[in-house]
Amino acid sequence: MRSTEQSICILVKKQIKKKEDMKMGNWENNIRKVVPYTPGEQPNQTDMIKLNTNENPYPPAPGVTEVLRNTDTDALRLYPDPAAKDLVHAIAGEYGLQDDQVFVGVGSDDVLAMSFLTFFNSEKPILFPDITYSFYDVWAELFRIPYERPALDEHFHIKKEDYFRENGGIIFPNPNAPTGVSLPLSDIEDIVEHNQDVIVIVDEAYVDFGTQSALPLIEKYENLLVVQTFSKSRSMAGMRIGFALACPKLIKYLNDVKYSFNSYTMNRMSIAAGVAAIKDQEYFLETCGKIIETREWTKKELRKLGFYFEESKANFIFAAHKNCPAEKLFQALRAQHIYVRYFPGGRTGNHLRITIGTRNEMEVFINFVREYLKKENLWKF
């Protein structure tokens, strides 16, 4: 009898423990699980040539250095201006807009994520290209936004007609990444005109390297949001400044969400440094010109070595070789501390995205690739 009672007691205890274990494990059912975006590798070697994350190879404008050198650190005990009025005013002045047409945030990533949260709230799917920034689908998953990804054509071009259908919003980069291919302004206007009942976002992180901005269209279409960044053309990836340009109504909606989320997105040094960068238009044009010139030289040299690619209007080239597997070349470059970006799998699996560095850096890169192809007998010279 005692043995039977003990057995029953043990069984009851096991069942109770099982229920307790299940209860303890239930908290995971309430977690928002996402597959996170993987940022580009950030090696830190003194002898490296870093051509993998599309940073500007030149320093920020001299005025930025001056601002940071003269920063009043005592002022850091005070909160920054939540409206970042000085920076907003400087950007508005540079682009011929009113202050209420400008929104600023912590890099264009922050501005875009805030835009997803603000503008994409339909049950209909938003649309963006199948080959583009991988964080678009991450944000869509994070915010529970349905989405579809129209395929680029065989030349990695956006087919505007794919966006002439019912949807909950549209976003695409111009030029696109990682392809570097740009869409003519007339095609962008066609897309916006066909979608005036939803918000269309044009992500222009690389626009300053030879692409026409969609900015002129915001006066005509109140459903258009143009997003840019200081990270590429203004050499300030480490400072994290992005901005959106649109009609006052869209900017107000963005600010409403921002103030409901985090009022103080921009720190004091970012605001001051951003103003200094915007003011020095001569330096901005000079460095963009250098990058464009070096990009065109690099294109010619890569073609001589058997590479092929679509016409890039960004500060990078998305290239493949006729005989050399991209992964092999990627590993060989990496062994020499020359870093480029490799996208394994799918239609991009045999391509490398090569950021444009200084002329000297690109000469070192080209010379190494030439010698590697010779050694591996992968191209006739």
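Taken together, the values in this text are just the output of simple stated rules run on the coordinates, not laboratory data. Keep in mind the model is a prediction, meaning the values are calculated, not measured. FYI the Cβ positions are ideal-geometry reconstructions off the backbone, even for glycines, and counts take in every protein chain you see.
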_Label zone at GLU148 (point 7 Å along Cα-to-Cβ), backbone N below 13 Å, region 161-192_ = 161-170
*asked:* Could you list SER213, SER231 so that the one with the fewest beta carbons within 10 Å of its beta carbon is first and the one with the most is last?
replied: SER213, SER231
*Filter the chymotrypsin sites (Phe, Trp or Tyr not before Pro) in region 35-138 down to the DSSP loop ones having no more than 14 other Cβ atoms within 10 Å, then list what survives.*
TYR37
*Listed here are the pairs LYS50/LYS374; LYS50/LYS290; LYS299/LYS374; LYS220/LYS252; LYS159/LYS220; LYS300/LYS374; which of them are more than 21 Å apart at the Cα?*
LYS50/LYS374; LYS159/LYS220
*Residue by residue, what Karplus-based ³J(HN,Hα) values in Hz, rounded to whole numbers, does region 161-173 have, using 6.51, -1.76 and 1.60 with θ = phi - 60° and x for Gly and Pro?*
5, 5, 9, 8, 9, 4, 7, x, x, 9, 9, 7, x
*Could you run the Karplus curve 6.51 cos²θ - 1.76 cosθ + 1.60 with θ = phi - 60° over region 184-193 and give me ³J(HN,Hα) per residue in whole Hz, x for Gly and Pro?*
x, 4, 5, 5, 4, 4, 4, 5, 4, 5
*Given the C-alpha centroids of region 291-358 and region 211-259, what is the distance between them in whole angstrom?*
29
_Table column - 3J(HN,Hα) (Hz), region 70-79, Karplus curve with 6.51, -1.76, 1.60, x for Gly and Pro_ = 9, 4, 7, 5, 4, 5, 5, 6, 9, 5
*In debye, nearest 20: dipole of the chain around its Cα centre with unit charges on the Cβ of K, R (+) and D, E (-)?*
1820
*Within region 29-91, which GluC sites (Glu not before Pro) sit in a loop by DSSP and count at most 16 neighbouring Cβ atoms inside 10 Å?*
GLU41
*Determine the gain in length on full extension of the stretch TYR37-PHE368; use 0.36 nm per residue of separation and subtract their C-alpha separation, reporting nm with one decimal.*
116.0 nm
_Total charge dipole magnitude, region 63-279, about the Cα centre, Cβ charges on Lys, Arg, Asp, Glu only, Debye to nearest 20_ = 720
